[in-house]
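The values are calculated or read from the model by the stated rules, or taken from the named source; none is laboratory data. Computed from a predicted model, the values in this text were never measured in an experiment. For neighbour counting, all protein chains shown are included, and Cβ atoms are generated from backbone atoms with ideal geometry for every residue, glycine included. Just the protein is used for accessible areas: all its heavy atoms, side chains included, with ligands, DNA and RNA removed. Shrake-Rupley method; radii C 1.70, N 1.55, O 1.52, S 1.80 Å.
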Amino acid sequence: MQPKDRIIFPLDLPTSSEALGFVRLLKDHVGVFKIGLELFVAEGPAIVEAVKKEAPNAKIFLDMKFHDIPETVRRAQRAATNLGVDFITVHCDGGAELLYAAATEAGSAKVLGITVLTSTGADELAAAGLRPDLCDPKQLVLHRAALAKKTGLSGVVCSGLEVAAIKEKFASELITVTPGIRLLTNDVKSDDQKRIVTPTQAVQNGADYIVIGRPIRDAPDPALIATKIALEIKNANTP
Ligand code: C5P
């Protein structure tokens, strides 16, 4: 993989035309476009085809974060697989049967388990009623990564603060995708992400892919920022 191939850009936009504008701008600078709830709910499966047509060399990440009874997830996963996407997400806190159901319908898509959202901190975990020993995000992420591995998922989504522990335990057995990336030049305290790291820290900690949205989307020159991030990834890998 080239450094740019490890950048996942989320198309967190309300319409197809705005999303495709960013695809045109960034298709030579990032490797993966992520279609999330906002865009998919607004535009439906046609957006997957439209992104593929605009950027045939890019991978497509359908970030539906499935969370339902196993049979519903199995059927939804089959529908997603039929769209010909490369990555799809399910929530690990839905339990082993849900994850297994998604894995069995994966086809050539890679199913990634959401461990703990990067916008969630220890306080929210305690408030949600988790066992005290699992209110430490790192312990909970490791617990859920083990479940992802056991049920046949290809990888996990976790913050850059936990990715080193996952790589230490599972090495290349699980692909790691890390959102919550902020650049040193950004005002990192101004949004909802809590467990954040820089691209360099994420890659040095072992992230295979990084998800980076607002720092690119809201920049005056998104392509330039993406190029700088790719360079940062390249340099992070150079001892
Ligand atoms: O870089 P930025 O915070 O804008 O990226 C937000 C994107 O990352 C959203 O599409 C969100 O769904 C995704 N994401 C996340 N935390 C996770 C998984 C995905 O923020 N644990």
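Structure notes:
- Yes/no for Phe66 being among the hydrophobic types (A, V, I, L, M, F, W, C), within 16 Å of the ligand (Cβ to nearest atom) and more than 30 Å from Ile225 (Cα to Cα): yes
- Looking at Lys59, Lys34, just one residue is basic (Lys, Arg), within 16 Å of the ligand (Cβ to nearest atom), open to solvent by 60 Å² or more (accessible area, probe 1.4 Å) and in contact (Cβ under 8 Å) with a residue 12 or more places away in the chain, and that residue is Lys59.
- Selection from the stretch 76-118 of residues that are more than 16 Å from the ligand (Cβ to nearest atom), among the hydroxyl-bearing types (Ser, Thr, Tyr) and in contact (Cβ under 8 Å) with a residue 40 or more places away in the chain: Tyr100, Thr104
- Residue match in the stretch 128-135 (condition: in a loop (DSSP other than H, G, I, E, B) and closer than 20 Å to Gly31 by Cα): no
- Qualifying residue in the stretch 184-200 (condition: more than 15 Å from the ligand (Cβ to nearest atom), surrounded by fewer than 22 Cβ atoms within 10 Å (Cβ to Cβ) and charged (D, E, K, R)): no
- Top-ranked residue in the stretch 94-123 [being open to solvent by 40 Å² or more (accessible area, probe 1.4 Å) and touching a Cys at 6+ places or on another chain (Cβ under 9 Å); ranked as farthest from Asp136 (Cα to Cα)]: Asp123
- Residues in the stretch 37-56 that are under 18 Å from Gln77 (Cβ atoms), surrounded by 13 or more Cβ atoms within 10 Å (Cβ to Cβ) and away from the ligand (no atom under 16 Å from the Cβ): Pro45 only.
- In the stretch 215-227, the residues that are within 13 Å of Thr185 (Cα to Cα) and touching a residue at least 12 places away in the same chain (Cβ under 8 Å): Pro215, Ile216, Ile225
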